[in-house]
Structure formats: C-alpha cells, structure tokens
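Please read the structure below before turning to the comments.
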Amino acid sequence: MKAIGYYQPLPIDNAESLQDIELPAPVAGARDLLVRVKAVSVNPVDTKVRKNAAPEAGQAKVLGWDAVGTVEAIGSEVQNFKVGDRVYYAGSIIRPGANSELHAVDERIAAIAPKSLDDAQAAALPLTTITAYELLFDRLQVPKGGGAGQTLLITGGAGGVGSILIQLARQLTQLRVIATASRPETREWCLALGAHAVIDHSKPLAAELKAAGIGEVDMVASLTQTEQHYAQIIESLKPQGQLAVIDDMKVLDAMPLKTKCISLHWEMMFTRSRFSTPDIAEQGALLAEVAALVDAGRIRTTANASFGTINAANLKKAHALIESGKAQGKVVLAGF
C-alpha cells in the first residue's frame, strides 16, 4: 500500500523529512477495523513526533492521527461496525499512523462519520474534538448544560483545538466563552464559531480582560504557549479557579498556583488508547455524539485549508504551516 513516512527525525525543509513509500497492508486485530483511508488532517502532534521520535533502524515511521475512511474488514471481536461503514477517528499514538491507504484502528475509539460532511471536512474533527471534549467535561468537569455565571478563557482560540472547544462550550454548556486571537482574520474566525468576546494574546491577558469589562475568569483552557502566558493566566484566574493545559512545556512550576488555590489539569487525548483504560470506549461515544451535533447543524467542521491529495509533498506543506504557528482551524488532505 502507499504510505508517507520517515526514517530519521529531520527539519521539514529536508528532502527526506517525509517520503512516499510502499508498505505491507496492516492486518486487523480482534477489536480492529481495517479502514481504507479517504482523508486525513494534520495536527501539531504530527510535527512534534516527526521532529523528535526516531523510528527503529531501517523501519519507516508513519504519522497521522486523524482519518476518515471506509471499513474494509473487521476483527473477530468487533461488535459495533460492519464492512462498508464510513468512520472517523484519531487513532493511537503507539500504533502506526493513518497516512497510508489502509489503516487498522481499535473500534472503541472510532465512530460513524458525520453524514453531512465530506471526507476532508470530517477528517478535520476527531483528534481536536476528543481533546476539547475531554478537557471541558472530564478535566474541568463542567456539567452538560451547566456553567451558568462562569467564564472560560481559551488561549489560542483559532487553532484546531480552540476552534472546536469554542463550539462545544457554546452548544453544550452555559459558559461565557472568551477566546484569544492576535490577527483580524483569527479574531473573526473565533467570533463566527461562537465566542462571546475575543481578546489579543499578544498583549497582557489580564489587562485585555479588564479592558473588555470581563475581569477575572473561572477557568482557562491554555492550548498553546502556556509558558509564555503562565503569569498572566494566573493573574487572570479567580481564586479557586481552574487551569487546563495541553501543550508541551520545558518546565511547569506549580507553586505560583498555590496562593489562589488554582487547580491544574492535564489533557492528553491519547491516554485512553495508549493505556487501554477501562473507559476507552468513551472516545468512540463522544465522537458519535459530536457527529450527531454536526448533522443537526449545531457544530461545524473546523477544516480551513485543503492541501490536496495525501502525499509527502503536500504533507510537508501542511507540517510547515503548523510549525509556523499561523494555522487557522485545520489543514486537510484527501485521496491518494
């Protein structure tokens, strides 16, 4: 089968950073779906793994943790899907990625794809949707339909996770949602997705909140550059507030949180699949819930740039955009 992979961690402008390769087709395990991949999207995790994770000697590493495709075969213990189903999912960080014509995925972390979206539009959603959903409901523990009188600040609102988190918070809670963005186009993007207000993260957050008449907030979802904004986030949170983070920091000193008794929450959407936790099927369930919201017209795709077919040249362009820090919404690719 066709696939895109790499043999050593390299900068994206290196000719061998991503390569078109041929690999044997995977075989579905007992709980697996064997999916013919139709579309994928690119996330920051793709670039982080490519830059840092060396494959085994002589072996190619295949990236890609968002996919939409058609089920071609099922494992002996599969319960919820059949051949021919159109599914979407984010895969597992400890298994080969989905930048390949065929891909095996545990059925418990997959769901029927939204019927109202084409393959590329649907491929934009899984990883960021799981991240945003788990952050909001499992980590910050906002009740469905709850949050009245409380404010959530989302830093990096126009990114992949921010773009779906704004929508989930608006559609499924009563939170007041404040997003950050630093460019006119990303500001408008956040407002169009449902943010009540947008502040500029290139300026001190606490001052921006005060200038907007908002003041301190109850919760912060810090989605990018947490180290850079950390002191301002603490200043912006109310006493006994909550901070949820997803990005990678060289150092995170929790001591400054003590005075305000701020709770710290990590969200890592690969945890359930990596450790096969007893509640692993919650990821498939939440993707099914969001697919229904999409088909009901309440949630929209976050796809915002299409980079053509799935090949090394186009994936390099997508990685370069992600690494620039200027991506808005999601980058998608479709077809081989």
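The values are calculated or read from the model by the stated rules, or taken from the named source; none is laboratory data. Note that the structure is predicted; figures quoted are calculated from it, not measured. Here the Cβ is made from the backbone with ideal geometry for all residues, glycine too, and neighbour counts use every protein chain on show. SASA here: full protein model, heavy atoms, side chains in, ligands and nucleic acids out. Shrake-Rupley method; radii C 1.70, N 1.55, O 1.52, S 1.80 Å.
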Residue in region 269-300 that is least open to solvent (accessible area, probe 1.4 Å), counting only those that are of a type in the set (S, T, N, Q) and closer than 15 Å to Tyr133 by Cα = Gln283
Pick out the one residue from Ala318, Ala305, Ala327 that is open to solvent by less than 40 Å² (accessible area, probe 1.4 Å), of a type in the set (Gly, Ala, Ser) and in a loop (DSSP other than H, G, I, E, B).
-> Ala327
Would you check if Ala90 is among the hydrophobic types (A, V, I, L, M, F, W, C) and either under 16 Å from Leu172 (Cβ atoms) or in contact with a Pro (Cβ under 6 Å, 6 or more places away or on another chain) (or both)?
-> yes
Exactly one condition in (1) touching a Pro at 6+ places or on another chain (Cβ under 8 Å); (2) open to solvent by less than 10 Å² (accessible area, probe 1.4 Å) is not met by Gly160; state its number.
-> (2)
Out of region 307-336, which residues are polar (S, T, N, Q) and either at positive phi or modelled with pLDDT of 95 or more (or both)?
-> Thr309, Asn311, Asn314
Within region 177-213, work out how many residues are among the hydrophobic types (A, V, I, L, M, F, W, C), surrounded by 21 or more Cβ atoms within 10 Å (Cβ to Cβ) and in a helix (DSSP H, G or I).
-> 5
With the condition kept exactly as written, say whether any residue in region 225-243 is assigned to a loop (DSSP other than H, G, I, E, B), in contact with a strand residue (DSSP E or B) (Cβ under 8 Å, 6 or more places away or on another chain) and either surrounded by 14 or more Cβ atoms within 10 Å (Cβ to Cβ) or not hydroxyl-bearing (Ser, Thr, Tyr) (or both).
-> yes
